[in-house]
Amino acid sequence: MIEIKKMFLEGAELDFLLEIVGRSVIMFILILVILRLSGKKGVRQLTLFEVAIILSLGSAAGDPMFQEELPIIYALVVLFSVILIYKLITWLSTKSTFINKILEGEAMVVVRHGMFDLKHEHDGDFSKMEFFSELRNQSVEHLGQVRMAVLEIDGSMSILFYPDAEVKYGLPLFPDDYQQITINTAGAPIACMYCGQILENIPQEQSCPRCQRKKWALAIDTKRI
């Protein structure tokens, strides 16, 4: 027969339960801080706050499964503590925009008017190659097709496109076209490979007026398919 009392209570120290609540609060806050410091906007379809909840609940539920010396009641206290923290912080975030921004971050403009937004160029999570991939996944061939692209707090990309009649020359995003040129033999507009600035008929040695880089690719103005 399964001994229910042994499973739930044997070896439990009742005066240790309050310490478990305190540990749960501290570890939950540490998980949030570490995830925020990691520089990631979030896991696809999940905010950092939700990831912290999952990690906290997973750890609390996992340890008692294989450690005989840990009574299940400890895990129950942790689980309920985390849920209470979640409910409290969720309620606070609905009352305060500041708290909500700290917990989940904020959306970041990646592309504005056909060029990369440079406000976040020094951020640790600013990676053009990742943005290239996200834009290609939504069938964007070059930046001249994009009026605005925003990286949401859940890691997804929201894009506003130019109508076909307003598509302009832009930095190509696919590898075959994203190639540095040394001589502009085609006489076509060129695009800064770092920020997407478009210039016409200039020597490739000239620095980009926006970002001061000197790498250029041939710009294209194809319409969306």
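The values are calculated or read from the model by the stated rules, or taken from the named source; none is laboratory data. Keep in mind that what you see is a predicted model, and the values were worked out from it rather than measured. Methodologically, a virtual Cβ is constructed for each residue, glycine included, from the backbone with ideal geometry; neighbour enumeration extends over all protein chains shown. With ligands, DNA and RNA removed, areas are computed over all heavy atoms of the protein, side chains included. Shrake-Rupley method; radii C 1.70, N 1.55, O 1.52, S 1.80 Å.
Can you name the residue in region 178-202 that is more than 22 Å from Leu135 (Cα to Cα), open to solvent by less than 80 Å² (accessible area, probe 1.4 Å) and part of a loop (DSSP other than H, G, I, E, B) and, of all such residues, is modelled with the highest pLDDT? Let's see the steps before the verdict.
So in region 178-202, the residues more than 22 Å from Leu135 (Cα to Cα) come out as 181-188, 199-202.
Then drop every residue that is not open to solvent by less than 80 Å² (accessible area, probe 1.4 Å), which leaves 181, 184, 186-188, 199, 202.
Now narrow it down to the ones that are part of a loop (DSSP other than H, G, I, E, B): 181, 184, 186-188, 202.
Working: Ile181: 86, Asn184: 65, Ala186: 60, Gly187: 72, Ala188: 80, Ile202: 67.
Top of the filtered list is Ile181.
Does at least one position in region 166-177 carry a residue that is touching a strand residue (DSSP E or B) at 6+ places or on another chain (Cβ under 7 Å), in contact (Cβ under 8 Å) with a residue 60 or more places away in the chain and not in a helix (DSSP H, G or I)? Walk me through how you get there before you give the answer.
Of region 166-177, the ones touching a strand residue (DSSP E or B) at 6+ places or on another chain (Cβ under 7 Å) are 169-173, 177.
Remaining after also requiring in contact (Cβ under 8 Å) with a residue 60 or more places away in the chain: none.
There is no residue in region 166-177 that is touching a strand residue (DSSP E or B) at 6+ places or on another chain (Cβ under 7 Å), in contact (Cβ under 8 Å) with a residue 60 or more places away in the chain and not in a helix (DSSP H, G or I).
Please count how many residues of region 68-106 are open to solvent by less than 50 Å² (accessible area, probe 1.4 Å), farther than 30 Å from Gly11 by Cβ and not in a helix (DSSP H, G or I).
2
Go through region 22-32 and give me each residue that's open to solvent by less than 70 Å² (accessible area, probe 1.4 Å) and at pLDDT below 75. Even if it seems obvious, please write down each step before you answer.
The initial filter retains those residues of region 22-32 that are open to solvent by less than 70 Å² (accessible area, probe 1.4 Å), namely 22, 24-25, 28, 31-32.
Those that are open to solvent by less than 70 Å² (accessible area, probe 1.4 Å) and at pLDDT below 75: Ile31, Leu32.
Among the residues of region 135-165, which ones are assigned to a loop (DSSP other than H, G, I, E, B) and open to solvent by 60 Å² or more (accessible area, probe 1.4 Å)?
Gln138, Ser139, Pro163
Would you pick out the residues in region 112-129 that are within 26 Å of Phe49 (Cα to Cα) and either surrounded by 15 or more Cβ atoms within 10 Å (Cβ to Cβ) or modelled with pLDDT of 95 or more (or both)?
Answer for region 112-129, where residues must be within 26 Å of Phe49 (Cα to Cα) and either surrounded by 15 or more Cβ atoms within 10 Å (Cβ to Cβ) or modelled with pLDDT of 95 or more (or both): Phe126, Lys128.
Search region 44-67 for residues that are closer than 19 Å to Ser93 by Cα and in a helix (DSSP H, G or I) and pair each with any residue that is open to solvent by 20 Å² or more (accessible area, probe 1.4 Å) and modelled with pLDDT of 75 or more when their beta-carbon atoms are under 7 Å apart and the residues are at least 6 apart or on different chains.
Here the result reads Ile53/Tyr86, each pair linking region 44-67 to a residue that is open to solvent by 20 Å² or more (accessible area, probe 1.4 Å) and modelled with pLDDT of 75 or more.
Being free of Cβ contacts under 8 Å to residues at least 60 places away in the same chain and of a type in the set (S, T, N, Q) is the filter here, so list the residues in region 69-94 that pass it.
The answer is Thr90, Ser93, Thr94.
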